[in-house]
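Q: Below you will find the structure I want to go over with you.
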Amino acid sequence: MDCRKTLLHFACLYCINSREVELQSIFKVPISLIIMDLEFGKSLDTSKLTCRRVAYFGILLQKNSWRTSLLLAYQSLGVVYGDLSTSPLYVYKSTFAEDIQHSETNEEIFGVLSFVFWTLTLVPLFKYVFVVLRADDNREGGTFALYSLICRHARVSLLPNRQVADEALSTYKLEHHPEKKSSSGVKLYLEKHKALHTALLILVLLGTCMVIGDGVLTPAISVFSAVSGLELSMSKEHHQYAVIPITCFILVCLFALQHYGTHRVGFFFAPIVLTWLLCISSLGIYNIIYWNPHVYQALSPYYMFKFLKKTRKGGWMSLGGILLCITGSEAMFADLGHFSYSAIQTAFTFLVYPALILAYMGQAAYLSQHHHTSYQISFYVSVPESVRWPVLIIAILASVVGSQAIISGTFSIINQSQSLSCFPRVKVIHTSDKIHGQIYIPEINWVLMILCIAVTIGFRDTKHMGNASGLAVMTVMLVTTCLTSLVIILCWHKPPIVALFFLLFFGSIELLYFSASLTKFTEGAWLPILLALFLMTIMFVWHYATIKKYEFDLHNKVSLEWLLALGPSLGIARVPGIGLVFTDLTSGIPANFSHFVTNLPAFHRVLVFVCVKSVPVPFVPPAERYLVGRVGPAAHRSYRCIVRYGYRDVHQDVDSFESELVSKLADFIHYDWHRSQHSPHSEEDVSHSNESTSECRLAVIGTVAFSGTPAYEIEESVQPASVSIGFSTVESVTDVIEMEPVHAIERRVRFAIDDDSESDVRTNMELQLREELQDLLAAQEAGTAFILGHSHVRAKQGSSVFKRLAINFGYNFLRRNCRGPDVALKVPPVSLLEVGMVYVV
């Protein structure tokens, strides 16, 4: 069976371009469903996949899997390696800017080359390619992927409305079942101390803020360094007035084109980066052969010690420029979801890494024979004059591609932060219907453009930009090293000594570079620190206030008995239509609804309490997105719907959400009545179920419409029950309780009844089923109202000064100036009902 699944996972890629009919005929389902199921890790019916067919596909895949890997490796060049491949433009220039000088002995240039070689070898190659890329979250990478993995294997998450049912998601996979591995001391220590949960979140937010800061600095330094090649073709007076305006013009054009999406010009990216890599490697080989064939000797670590011995403090401070050679390495992990591990590994190991080494060796070979150049040390002085203009054009194009990659990554990580309640709501536009994850955020785009232009005009040289970019890059790498160490212990269940060795070995290298960057604080390194402090303040205040609002809702929710008591005797009317009450609670009646009914004594005939929540997984399969249950007895026509999204999922627009929600309610009504019909209880049990357990029993409703008469069994267990229905609408029934699991023993009394009585009961149930579906259809035709809370939050009396500042001023300022929940959900104004609420936290 494992062999079949492995072959199927590779077949999903192969069958898109060929053999689609053959694979589709085996499983008797559309090829899109096969790919979707494989993508989300769901099992297919492999009973029809005979050994002969397995062997047949095995032969096909042996011939074509390497082609698929090479194709993905080629495509990854334009998305992943644009920033890393343009680093030769500014590494030597930043390193020799001030702290060290190029001398006749060549000890400085050879020492820098040795540092560059071993840094590229140890960090991108050994750390990322061979270790970090394996710490993927359902084939997704990045800071939030590591945090998501840790939160699933240890109870350290600060996200509200957690449920036991979330652990039943197919994408909520664990490396090892928790019962099979004894809990480590590190896990128990982390779970015990709540302060460490906050510290872990702050560490993740720090890495996130530095990635955003890199999104400001990378476009500026990349484009500026590429355009600065004009200094060799014009006088110094004209050069200083030309480079800045041209750089700003290119940056404005780059950001102005973002709303079109990268998919429209993405097919140009890979050829540009490939051409650039071939160009710099060819120039490197030429310079090595022509100027100094023995430059390879500088790859020895001996030259690093020789370099530090001679330059001492100046050499240590110059490491802030050398570390720029690994700028963009984090993109290999962050963009893992768009490509495969083997594709990224192949592209870096066999193309990007050799090309970069040759480029740096070629520059060193040229500089070893030119100690008194008329121009400052830069990339372009080693380019022969006959090809300087073509190289300049290719360099500018490559820098634009590298900038595009980091800008798209900034959009993505802000969207992830927003999904996990760590960033104010912003407008997210999906620029491609076919390619998942390509988004555009207008507010962030223009802020990035203004900051990039301000950095370019304010710094005006590569030195200050490099100092700022180096500190941001090294901080992100340190955060990744710390989180990966936790993954090694908590997720991979390796001995703590292995994680400690990983942390000390790579952490010491990165700390060395980080300390060198900090010495440049007054020379540009202050900028990413300032940006990070500003962004972290915004993100932490927003997250803190969101948690406090949720706790207020949790402590002030109304009981189910209160809702059931509402009726004509109290002057409460039921009006036609569907009322969707949005709340963060997964159980109980929210206080804003009671406030609504108190001021307007009426609510809709069909009432649905909707909770749109994020779970710590990248994607939630559509078949597992909706959890639906009753609130009160069936006659009350009240339901609860929990809609679950991963941090990389695309949220639906309001039209498709409304129609799909009604479809899920209809499927649940079918399921619930058939469950009652096929699971006879005593009257006492049925009454108990309708009044009490119906609030906490929710069903996972899939994407295929209900059809046929179900035949299933529900096991009597306190664990989530397994339901087999013969169709993919309902996949499981799970008891979900607010925040923590509650194990309650369910009593069932079985009895025998005659055939006539059973027939009467079934007829009565079918009539009630038809009546409930007709009520739902009539309510849909009458219209839908969206009931949302319009909240004002203030700190309670006696709170500290910092809390009052954060809540009364910080959070409320952000809330007033960011997108409201109605705008985020795209609710039409005519269907919106806002309920004012004051939260005292």
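The values are calculated or read from the model by the stated rules, or taken from the named source; none is laboratory data. On a predicted model such as this, the values are computed, not experimentally measured, just so you know. Cβ placement follows ideal geometry from the backbone for every residue including glycine, while neighbour counts extend to all protein chains displayed. Accessible surface areas use protein heavy atoms only, side chains included; no ligands, DNA or RNA. Shrake-Rupley method; radii C 1.70, N 1.55, O 1.52, S 1.80 Å.
Q: When you go through (1) crowded, with 24+ Cβ neighbours inside 10 Å; (2) without any contact (Cβ under 8 Å) to a residue 60 or more places away in the chain one by one for Ile441, which number turns out not to apply?
A: (1)
Q: With the requirement that a residue be of a type in the set (D, E, K, R), open to solvent by 60 Å² or more (accessible area, probe 1.4 Å) and either over 30 Å from Gly836 (Cα atoms) or outside any helix (DSSP H, G or I) (or both), what does region 766-787 give you? If you could, list the steps in order and put the result at the bottom.
A: Pass one, region 766-787, residues of a type in the set (D, E, K, R): 766, 770-772, 775, 781.
Pick out the ones that are also open to solvent by 60 Å² or more (accessible area, probe 1.4 Å) and you get 766, 770-771, 781.
Within region 766-787, Glu766, Arg770, Glu771 meet the criteria.
Q: Conditions first: (1) in contact with a helix residue (DSSP H, G or I) (Cβ under 8 Å, 6 or more places away or on another chain); (2) in contact (Cβ under 8 Å) with a residue 40 or more places away in the chain. Leu503 passes all but one, so which condition is the exception?
A: (2)
Q: If you don't mind, another one. Kindly indicate whether any position in region 475-497 is among the small types (Gly, Ala, Ser), out of contact with any Asp or Glu (no Cβ under 8 Å at 6 or more places or on another chain), assigned by the TED database to the domain that holds Ile326 and farther than 24 Å from Cys151 by Cβ. Give the steps one after another, and end with the answer.
A: Just the residues of region 475-497 that are among the small types (Gly, Ala, Ser), to begin with: 485.
Still in the list and also out of contact with any Asp or Glu (no Cβ under 8 Å at 6 or more places or on another chain): 485.
This time we only want the ones that are assigned by the TED database to the domain that holds Ile326, so: 485.
Next cut, farther than 24 Å from Cys151 by Cβ only: none.
Looking through region 475-497, none of the residues is among the small types (Gly, Ala, Ser), out of contact with any Asp or Glu (no Cβ under 8 Å at 6 or more places or on another chain), assigned by the TED database to the domain that holds Ile326 and farther than 24 Å from Cys151 by Cβ.
Q: Which condition does Val164 not pass, out of (1) more than 23 Å from Tyr341 (Cβ to Cβ); (2) open to solvent by less than 10 Å² (accessible area, probe 1.4 Å), if it passes all the others?
A: (2)
Q: Against the definition (without any contact (Cβ under 8 Å) to a residue 40 or more places away in the chain and either open to solvent by 20 Å² or more (accessible area, probe 1.4 Å) or in a helix (DSSP H, G or I) (or both)), how does Ile407 come out, yes or no? Reasoning before the result, please.
A: On the way: without any contact (Cβ under 8 Å) to a residue 40 or more places away in the chain: no; either open to solvent by 20 Å² or more (accessible area, probe 1.4 Å) or in a helix (DSSP H, G or I) (or both): yes.
When the stated conditions are applied, Ile407 does not pass them.
Q: Looking at region 40-51, is at least one residue modelled with pLDDT of 50 or more, open to solvent by 20 Å² or more (accessible area, probe 1.4 Å) and touching a helix residue (DSSP H, G or I) at 6+ places or on another chain (Cβ under 6 Å)? Before the answer, list the steps.
A: Applying the first criterion (modelled with pLDDT of 50 or more) to region 40-51 yields none.
So far as region 40-51 goes, no, none of its residues is modelled with pLDDT of 50 or more, open to solvent by 20 Å² or more (accessible area, probe 1.4 Å) and touching a helix residue (DSSP H, G or I) at 6+ places or on another chain (Cβ under 6 Å).
Q: Being aliphatic (A, V, I, L, M), in contact (Cβ under 8 Å) with a residue 60 or more places away in the chain and open to solvent by 30 Å² or more (accessible area, probe 1.4 Å) narrows it down to one residue among Leu518, Leu570, Leu563, Leu554; which is it?
A: Values: Leu518 fails: in contact (Cβ under 8 Å) with a residue 60 or more places away in the chain; Leu570 fails: in contact (Cβ under 8 Å) with a residue 60 or more places away in the chain; Leu563 fails: open to solvent by 30 Å² or more (accessible area, probe 1.4 Å).
Going through Leu518, Leu570, Leu563, Leu554 in turn, the sole match is Leu554.
Q: Just to be sure, is Val156 within 18 Å of Val381 (Cα to Cα) and aliphatic (A, V, I, L, M)? Lay out the reasoning, then the answer.
A: On the way: within 18 Å of Val381 (Cα to Cα): no; aliphatic (A, V, I, L, M): yes.
No; evaluated as a whole, the condition is false for this residue.
Q: Could you tell me which residue of region 522-551 is farthest from Leu159 (Cα to Cα), considering only residues that are among the polar types (S, T, N, Q) and open to solvent by 40 Å² or more (accessible area, probe 1.4 Å)?
A: Our first condition is that a residue be among the polar types (S, T, N, Q); within region 522-551, this holds for 522, 537, 546.
Adding the requirement that they be open to solvent by 40 Å² or more (accessible area, probe 1.4 Å) leaves 522, 537.
On the way: Thr522: 38, Thr537: 18 Å.
Top of the filtered list is Thr522.
Q: Additional query: With surrounded by fewer than 21 Cβ atoms within 10 Å (Cβ to Cβ), modelled with pLDDT of 80 or more and not in a helix (DSSP H, G or I) as the only criterion, which of Glu104, Glu98 stands out? Walk me through it before giving the result.
A: Details: Glu98 fails: modelled with pLDDT of 80 or more.
When all the criteria are applied, what remains is Glu104.
Q: Examine region 376-398 for a residue that is open to solvent by 10 Å² or more (accessible area, probe 1.4 Å), within 36 Å of the chain's Cα centre (by Cα) and within 22 Å of Leu70 (Cβ to Cβ), and state whether such a residue exists.
A: no
Q: In addition: Among the residues of region 216-228, is any β-branched (Val, Ile, Thr), over 24 Å from Ile642 (Cβ atoms), within 22 Å of the chain's Cα centre (by Cα) and modelled with pLDDT of 80 or more? Write out each step before concluding.
A: Start the filter on region 216-228 by keeping residues that are β-branched (Val, Ile, Thr), which leaves 216, 218, 221, 223, 227.
Then keep just the ones that are over 24 Å from Ile642 (Cβ atoms); that gives 216, 218, 221, 223, 227.
Checking the rest, the ones that are also within 22 Å of the chain's Cα centre (by Cα) come to 216, 218.
If we keep only those that are modelled with pLDDT of 80 or more too, we end up with 216, 218.
Yes, that holds for at least one residue.
Q: Answer yes or no: is there a residue in region 488-509 that is within 25 Å of Gln418 (Cα to Cα) and modelled with pLDDT under 95. Quick ask: steps written out before the conclusion?
A: If we filter region 488-509 for residues that are within 25 Å of Gln418 (Cα to Cα), which is where we start, we get none.
No.
Q: Val156 fails exactly one of the following numbered conditions: (1) on the phi > 0 side of the Ramachandran plot; (2) open to solvent by less than 20 Å² (accessible area, probe 1.4 Å); (3) not basic (Lys, Arg). What is the number of that condition?
A: (1)
Q: I'd like to verify a number: residues in region 107-133 that are open to solvent by 20 Å² or more (accessible area, probe 1.4 Å), closer than 30 Å to Leu486 by Cα and among the aromatic types (Phe, Trp, Tyr), how many?
A: Qualifying residue count for the region: 4.
Q: Say whether the condition of being in the same structural domain as Pro219 (by the TED database), among the small types (Gly, Ala, Ser) and modelled with pLDDT under 90 is met by at least one residue in region 428-444.
A: Within region 428-444, one or more residues are in the same structural domain as Pro219 (by the TED database), among the small types (Gly, Ala, Ser) and modelled with pLDDT under 90.
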